[in-house]
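A short worksheet on the structure shown next.
Derivation of every value follows stated rules applied to the coordinates shown; laboratory data play no part. Computed from a predicted structure; not experimentally measured. As a convention, Cβ positions derive from the backbone with ideal geometry for all residues, glycine included, and neighbour counts pool all protein chains shown.
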Amino acid sequence: MTRADGRPAWLPVWSTASALRAIRATVVVPGLFAFGYLVLGDPQIATFAAFGGFATLVLASFGGRWQDKVRAHLGLALAGSVLVVIGTAVNSSVPLATLITVPVAFVVLFAGVAGPNAASGANAALLAYVLPAASPGTLDMIPARLGGWWLASVAGTVAVLVLSPRSSGSALREAAARCARALADQLDAALAGDSGPAHRAASIDAKHGLLATFTATPYRPTGLATADQAMDNLVGLLEWAAYVITDSLSEYRDLSTIAEAERDLLAETAAVTRDIGTLLSGGAVEVDLEPLERRLAASVEYLRRIDNAGDGYAEAVHVSFHARTAAVAAHTAMADTLVVAGRADRSIVSGSRRRWYGETFESAATDERRLAGLLAATRVVSRHASLRSVWFLNSLRGALALAAAVGVAGVTGVEHGFWVVLGTLSVLRTSAASTGATALRALLGTVIGFVVGALLLLVIGTGPAALWIALPAAVLVAAYAPGALPFVAGQAAFTVVVSVLFNILAPAGWEIGVVRIEDVAIGCAVSFAVGIVFWPRGASSVVADDLADALRAGGAYLAESVDWALGLRTAVPRAAAAIAAGVRLDDALRGFLAEQGSKRLPRDDLWRLVAGTMRARLTAYSLAGLPNPEAGPDRFRTQLSDQAGQLAAWYDHLVSRLDRTDHGAVPVLTPPEFRDPRSAGASVADLSCALWVGEHLRHLMERLQELVPPATLVADLRHRPWWR
């Protein structure tokens, strides 16, 4: 097992962020526990303050500016308060607690789709529910429990604000800025006659770095805010721009020979792309898209002036296609960058939202700003309210596992039932195989913690003074562990913390460790059993389904857009299904990458699938943005429409073997051939639009075959037994 950076998973690493987290927890958790137990004399306040501090400072790790962290901690405090009340209210009845756990846990886990802070706070919020739900208590304890929780929330928030590493800015924005600057450098070098490979390699490396940063966590690093939505979309646009620019420059190494109008357009494209990098890095730049728009218009006018019946016209359209596609990608990316930087006017924001969601919001234009957050939340929920969504399935599976743990803890009457639920929560992963592997490490860590704790108690005894001295040291290790120490070490350290805490509350010696081993074993067994019954394959099967959906929806959107651009369709092409399928595929691949372990597939191959679906969607979006010529059908337009239909059928054929009903190999198909429109008898007036549509189709077809190998890998993995 290795980390993302290639280091062995068992090897400890130094982390400044982890060290500061450990210091915060070491100061706050024992301090609050001592205040509640020794000063206030209330075990409920002490217990909920200690576990609330652990939840706030260790389980939750909120990012962003200090304002973002304050909002996130406030949200966790409010959500935790509600969950503490619900958990206390239902703990008197095992059937009631079991039933209520399902919707409560599902909502908390599913809320992670809102963004990274919501996802990071899910386990912390669940701790606020499972602690009272699986522990003895009465309604008159609610004020004391809430008091402990709010003590932890306030103290934890202050500690985070005071003891946090200085923000280095958004890593995602910096990666996007580097990618934009690399693309601008590549264009400038090509225009200056430098066709060496160094600039191309730099662009590709920067693009890979952007995708690696974007996919570094199992959840999206962006939230529901308008700026976050823009950042999310900007990543895809920069990947698209990198694809277009590097592809174009590999075909036209010497840009000195192309028409002046196209050179000017590419030069302005480079300038706008460089401004994107400057804005994302926080630099000051006066953005003016009008020059780029004038160059685009000049490129169109140039094509109109030349003889469209001559032999050079098709090549001129080909060059113009590359230049204008790169320019449109830069123009669109700049619009999203302005939204990210908070410098976009209302018209830009409105246009961007239409593009993000595949719909128009003119009907609510007067209330758009007020409803923006609600619309974003509605879109996110609607996209993921499906059995094709890894978020939906993970949330449902987690809710069922926690409910089963609550029920088992209640029925068996174990002394500390919430340890059973915590054991389930700590080892639950997206597949049965990864859950089982984590369960073994959790049990090993618990046994090690029991041994260490028992030896500690034998050495120092169970006297209060010795235990109070041991508590900060145990918290220090347990708080430093996540992300820096192996999972086994973290589990062992937490076991020591629990042993010390409960020996302070009710001295029992080393026997408390045995109880914890039993409870964690029960929780691990529950989690593993639920993993086998519900969705044992994990994200691999959902990746296959979402890949099929994204390619099919993208192909259908493309076919509609081609007919629109050719005047064979009057209804505006529908993008919503393709966008939703692409989002679900993106998230499913994140879950797949997070769970793979020893079965890791090449990350670049997997993200090539996402890029392939995005190319189909953005090509369709580009064609859908062309004016509808409202022309009648003719032989050539019908041929182009048929070829677009064949392309959509190719996508269907590629992904048909990923369906649950077919276990065969993914076929390698030859893309349909694109013919010169004049050979099909098209009139001179048809050439401009027809060649433009044809260039889009050809450009897309050239990269079809690269989708087959990664799709084959996903299909093969999906059809293996889940335990392999």
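Descriptive notes on the structure:
- Here the spin labels are modelled as points 7 Å beyond Cα on the Cα-Cβ line, and at SER93 and ASP652 they lie 5.2 nm apart.
- Projecting the Cα atoms of ALA198, SER299, LEU266 onto the charge dipole of segment 171-344, computed from C-beta unit charges around the Cα centre, puts ALA198 farthest toward the positive end.
- For segment 269-286, 3J(HN,Hα) per residue [Karplus equation, 6.51 cos²θ - 1.76 cosθ + 1.60, θ = phi - 60°, Hz, x = Gly/Pro]: 4, 4, 5, 5, 5, 5, 4, 4, x, 5, 5, 5, 7, x, x, 9, 8, 8
- In this label model, ALA216 and LEU74 are separated by 2.8 nm, measuring between points 7 Å along each Cα→Cβ vector.
- Residues in segment 491-500 carry Karplus couplings, in order, of 5, 5, 5, 5, 4, 5, 4, 4, 4, 5 Hz; the curve used is 6.51 cos²θ - 1.76 cosθ + 1.60 with θ = phi - 60°, and Gly or Pro positions show x.
- Footprinting exposure proxy ranking of PHE494, PHE487, fewest other C-beta atoms within 10 angstrom first, gives PHE487, PHE494.
- In Hz, Karplus ³J(HN,Hα) per residue of segment 79-89 (6.51, -1.76, 1.60; θ = phi - 60°; x = Gly, Pro): 4, x, 4, 4, 5, 4, 5, 4, x, 5, 5
- Distance between the pseudo-spin-label points of LEU505 and THR16 (7 Å out from Cα toward the beta carbon): 3.8 nm.
- Each residue in ILE45, ILE579, ILE522 was given a count of other beta-carbon atoms within 10 angstrom of its own, and listing them fewest first yields ILE522, ILE579, ILE45.
- Sequence-distant contacts, meaning Cα pairs under 8 Å at least 6 residues apart, place the relative contact order of segment 171-344 at 33 percent.
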